[in-house]
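Each remark here refers to the structure printed beneath this line.
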Amino acid sequence: MTTTNKLVTKDGRKVNVRPDTLDFRDQMFVPTLVEVPTRIDLEDYKRHEVPILDQGTEGACTGFGLAANVNYLLRKRKIVPDRTSVSPFMLYHLAKRYDEWPGENYEGSSARGAMKGWHKHGVCASDLCDNSANVSEEALREAPKRSLGAYSRVNHKDLVAMHSAIAEVGILYATAAVHTGWENVGGDGVIKKADQIIGGHAFAIVAYDEEGLWIQNSWGPGWGKGGFARISYDDWLANGSDIWVARLGVPMNLRAAESIAVGSSSAVSHAGAYSNLEMRRHIISIGNDGLLSPGGTFGTSRKDVENIFARDFTALTKNWKKKRILLYAHGGLVDEGAAVQRVSEYRAQLLQAEIYPVSFIWHTDFFTSLTNILQDAVRRRRSEGFLDDAKDFMLDRLDDALEPVARIPGKAIWSEMKGNALAATSNEAGGARIAVECLNKLPKEVEIHIVGHSAGAIFHAPLIDMLVQKGRSIKTCTLWAPACTVKLFKQSYLPSIENGKIGRFALFTLNEKAEQDDHCAHIYNKSLLYLVSNAFEKEPHIPLFRDGEPLLGMEKCINADSRLRDLFGSQNADWVRAPNDQKAKQANYSTSRHHTDFDDDEATVRATLVRMLGTEQVEGKFSFKRTKSSMRDKRQFLTEQS
């Protein structure tokens, strides 16, 4: 078997599909005991009149092959069959967003990427999305009508499983390496096995007999047997790459903001396409080096950012009495799912209050790395069973022992995360910098509000500098348990607070007792800020000799700094320590008891909203679902108590 790298047939058709990479998360198809026919005739399939597509010279076969599957499933559906032809180009564009390779500026994609795109967004009618790079708003709105339900990978080397899957569903989505035999298929439709491989291709498997598998191609009706051909079993076993089988989902429309929040919850299996579209209006996805992240459910391009400010914000706020925009940056322990869930839960109340939220999702999920680091540090510092038998008075010493061991891996990851946060604005192509440029085109009357939780305060530091340099004022800035150093705060925040460019500043922190009573993964027995200050920042804690790096979110660091004490004695800066019992004054009320509580503590969120609106109180209720991380934390706690 020989291979060429031309990736194009002799008549100019591109064959550039990429095999799926290994992913143990794939759900594998398991054959049932349903009787499998000895053959499924091609003529039985043809009675459904599935259109034969022609991709021409476009390198979009992943979209065209999957479109054949969707078209068949829609026509075969027992309840309300649909003869609409779907857009292969939408499926192809989404495949590039969800496959394993960075960016979208390449041709070819993977079958898994196409399945993920269909799963997350659905697919629109063919006339709503052409071969241009952008999927239109209308296409995204219409796509959930044709959603994907259950789907599985089929072992492409298991012919029994393949026959069973075809018998159950009627069609498979396949990719294979194609050879020169595909260029010379006669009217009988037989593909003659050849040795010279040209490239990779995606198509549909629609029937089988004792000789091989019948496929529906996307090279027009003039190819093979009216657009169909048969690949022998030997050929398939030598060159087949990937097989997927799918069922249609139920079309759904969710319009209420509260329903969209539930649809985005980590407690459900996935965020449906119906909620994804609404949430994309409020999300800017940031990846490595602070650049926009184009892949995944909420992948963001420069055009997407421009649309948020120029189109979505303008359209939604046109009848508002006062236009406000909130820039929110989540904390470092948060993964994408939890971050999206939070902004979806804020969305209803904020829009009702005439505040348009924009959330920077900057792909941190430091929690998983932190837990692994601490578990490894414990293993290095104790004999088996030591921690279980440790007395309370020894826990402080345990923390002292963990800090230097956790410092080397922890500081490296923390520094990388901080670098990405700062680069989002400092990098010329940074996602936050692009957002500020777009925001600056809005009228000066638009109020700008900023909220950051934990490491979100690091993310916002250069963003505030850039806004001020462009002559914009910030109406309010609220930081919840900020993980930024006091030094960074004095460089980036304090000058704008003192000169009035930040109209009103509020700091929410835990009190010292709560900070000491907190924990990290039930291993380190103080808050995350203690661990960052003592182990992950520039100046490590040395017991009895030196405290760690001062952080703005720690009560003891503020009390030790005369300039900060003076700041919070001034008229335009407030400091709220939690938990407290100031229920009568909403702006100062917080019931947070842990570092991670602030973003879903109703009292804290309400206090922040009151400050943005400049009122004494607000009505309405915030409803927060548990994130995966909080449920994991709860399970761990319950396990320890049992």
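A few notes on this one:
- Of all residues in segment 459-475, those satisfying the criterion of being within 28 Å of the chain's Cα centre (by Cα) and in contact (Cβ under 8 Å) with a residue 60 or more places away in the chain are PHE459, HIS460, LEU463.
- Selection from segment 397-411 of residues that are touching a residue at least 12 places away in the same chain (Cβ under 8 Å) and among the aliphatic types (A, V, I, L, M): LEU398, ALA401, LEU402, VAL405, ALA406
- Residues (modelled with pLDDT of 95 or more and of a type outside the set (Asp, Glu)) located in segment 569-581: ALA573, TRP575, VAL576, ARG577, ALA578, PRO579, ASN580
- Evaluation of GLU336 against (1) surrounded by fewer than 23 Cβ atoms within 10 Å (Cβ to Cβ); (2) modelled with pLDDT of 95 or more; (3) under 27 Å from SER527 (Cα atoms) (one fails), failing number: (2)
- Taken over segment 216-230, the criterion of being closer than 13 Å to GLY181 by Cβ and in a strand (DSSP E or B) is satisfied by ALA229, ARG230.
- Verdict on PHE568 being under 30 Å from GLU416 (Cβ atoms), among the aromatic types (Phe, Trp, Tyr) and out of contact with any Gly (no Cβ under 8 Å at 6 or more places or on another chain): no
- Of the residues making up segment 97-105, none is under 18 Å from LEU73 (Cα atoms), crowded, with 19+ Cβ neighbours inside 10 Å and modelled with pLDDT of 85 or more.
- Which numbered condition VAL178 fails, given (1) part of a helix (DSSP H, G or I); (2) touching a His at 6+ places or on another chain (Cβ under 6 Å): (1)
- All positions within segment 497-518 that are among the small types (Gly, Ala, Ser) and loosely packed, with under 15 Cβ neighbours inside 10 Å: GLY500
- Residue under evaluation ILE283, criteria (1) outside the structural domain of GLN352 (by TED's automatic domain parsing); (2) modelled with pLDDT of 95 or more; (3) not charged (D, E, K, R), criterion not met: (1)
- Elements of type helices (runs of 4 or more DSSP H) in segment 484-596, at least 2 residues being outside the structural domain of MET612 (by TED's automatic domain parsing) and either touching a helix residue (DSSP H, G or I) at 6+ places or on another chain (Cβ under 6 Å) or more than 28 Å from LEU467 (Cα to Cα) (or both): none
- Screening GLY569 with (1) under 32 Å from the mean Cα position of the chain (by Cα); (2) without any contact (Cβ under 8 Å) to a residue 60 or more places away in the chain gives one miss only, at (1).
- Candidates VAL405, VAL378 - the one that is surrounded by 17 or more Cβ atoms within 10 Å (Cβ to Cβ), at pLDDT below 75 and hydrophobic (A, V, I, L, M, F, W, C): VAL378
- The lone exception for VAL8 - which of (1) under 25 Å from ALA177 (Cα atoms); (2) buried (at least 17 other Cβ atoms within 10 Å of the Cβ); (3) not charged (D, E, K, R) it fails: (2)
- Any hit, segment 69-83, residues being hydrophobic (A, V, I, L, M, F, W, C) and part of a loop (DSSP other than H, G, I, E, B): yes
- Criterion (surrounded by fewer than 24 Cβ atoms within 10 Å (Cβ to Cβ), aliphatic (A, V, I, L, M) and either more than 30 Å from LYS526 (Cβ to Cβ) or in contact with a helix residue (DSSP H, G or I) (Cβ under 9 Å, 6 or more places away or on another chain) (or both)) met by exactly one of LEU463, LEU422, LEU479: LEU422
- Residues in segment 37-67 that are among the polar types (S, T, N, Q), surrounded by fewer than 16 Cβ atoms within 10 Å (Cβ to Cβ) and either within 27 Å of the chain's Cα centre (by Cα) or at pLDDT 95 or above (or both): THR38 alone.
- Selection from segment 68-79 of residues that are surrounded by fewer than 24 Cβ atoms within 10 Å (Cβ to Cβ) and in contact (Cβ under 8 Å) with a residue 12 or more places away in the chain: TYR72, LEU73, LEU74, ARG75, LYS76, ARG77
- With respect to (1) in contact with a Gly (Cβ under 6 Å, 6 or more places away or on another chain); (2) in a strand (DSSP E or B); (3) surrounded by fewer than 20 Cβ atoms within 10 Å (Cβ to Cβ), the lone exception for ALA194 is condition (2).
The values are calculated or read from the model by the stated rules, or taken from the named source; none is laboratory data. Since we're looking at a predicted model, the values are computed, not measured. Methodologically, a virtual Cβ is constructed for each residue, glycine included, from the backbone with ideal geometry; neighbour enumeration extends over all protein chains shown.
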